[in-house]
Amino acid sequence: MTVVIQTERLQLRRLRDDDTDAAAMLELLNDPGFLRHIGDRGVRTLEQARAYIRNSAFASYAAHGFGMYVIERRDDGAWLGNAGLVRRDGLPGPDLGYALLARYAGHGYAREAARAVVAHARQELGIGALHAIVAPANARSVALLEKLEFQAAGTLCLPGKDEELRLFVNAGSRAIA
């Protein structure tokens, strides 16, 4: 297990393409909140989930040195969701991403994980400006980004997509408390 970040309650580690991570990723990608606010990735089987992990997270780790990480609760190892940084066409810099399984929402885990990812980006990776894109109807995510001192920076459509998304930027000039 490659733990990248630890917080008081959580650890974030690199994804694996084993049965445990593939099954959890399959569940996350088909969670109603993920489908509504992030989108349908068309992953319906365990093998598709393994391929998704290899083609997204593993490729990002190799190309950029960062990617999406599993969020696990430290006290019991529960697989809560994922958080990390993604390079997306149409954005000038890394994008902060996070998603939790519905049963773990509302406990501050997304905020704790996202705050830790931002700190890791600044302190360990030397990244300045971070971006975040959000579906307009995702009020909880907007509120979280505002707590992390991301500023609204308009709207955009990613290349090849029709959906208009809200863009947020954190230039890194202030500490994230």
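Residue by residue, here is whether (1) surrounded by 19 or more Cβ atoms within 10 Å (Cβ to Cβ); (2) not in a helix (DSSP H, G or I) holds:
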site: A22; (1), (2): yes, no
site: M25; (1), (2): yes, no
site: G39; (1), (2): no, yes
site: A51; (1), (2): no, no
site: A62; (1), (2): no, no
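So that you can scan it fast, the table gives a plain yes or no per residue for (1) charged (D, E, K, R); (2) open to solvent by 60 Å² or more (accessible area, probe 1.4 Å); (3) at positive phi; (4) in a helix (DSSP H, G or I):
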| residue | (1), (2), (3), (4) |
| --- | --- |
| G42 | no, no, yes, no |
| R54 | yes, yes, no, yes |
| A57 | no, no, no, yes |
| F66 | no, no, no, no |
| L80 | no, no, no, no |
| G84 | no, no, yes, no |
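In the stretch 86-97, of all residues being open to solvent by 50 Å² or more (accessible area, probe 1.4 Å) and of a type outside the set (G, A, S), the one that is nearest to G154 (Cα to Cα) corresponds to P92.
If you check R103 against the conditions, is it over 16 Å from the mean Cα position of the chain (by Cα) and within 21 Å of T7 (Cβ to Cβ)? Please lay out each step first, then the result.
Values: over 16 Å from the mean Cα position of the chain (by Cα): yes; within 21 Å of T7 (Cβ to Cβ): yes.
Criteria met by R103.
Taking the stretch 120-177 as the search range and keeping residues that are polar (S, T, N, Q) and assigned to a strand (DSSP E or B), which one is surrounded by the most Cβ atoms within 10 Å (Cβ to Cβ)? It comes out as N170.
Take the conditions (1) touching a residue at least 60 places away in the same chain (Cβ under 8 Å); (2) open to solvent by less than 50 Å² (accessible area, probe 1.4 Å); D75 misses just one of them, which is (2). For G90, the requirement of being assigned to a loop (DSSP other than H, G, I, E, B), touching a Pro at 6+ places or on another chain (Cβ under 7 Å) and of a type outside the set (D, E, K, R) is met.
Against the condition in contact (Cβ under 8 Å) with a residue 40 or more places away in the chain, farther than 13 Å from G97 by Cβ and open to solvent by 40 Å² or more (accessible area, probe 1.4 Å), how does R115 come out, does it pass? Talk me through it step by step, then tell me what you get.
Numbers: in contact (Cβ under 8 Å) with a residue 40 or more places away in the chain: yes; farther than 13 Å from G97 by Cβ: yes; open to solvent by 40 Å² or more (accessible area, probe 1.4 Å): yes.
The answer is yes for R115.
Under the condition of being assigned to a helix (DSSP H, G or I) and of a type in the set (V, I, T), the residues counted in the stretch 1-20 number 1.
The values are calculated or read from the model by the stated rules, or taken from the named source; none is laboratory data. Computed from a predicted structure; not experimentally measured. All Cβ positions, even for glycine, are placed from backbone atoms using ideal geometry, and neighbour counts span all protein chains on display. Ligands, DNA and RNA are excluded from the accessible area calculation, which covers all protein heavy atoms including side chains. Shrake-Rupley method; radii C 1.70, N 1.55, O 1.52, S 1.80 Å.
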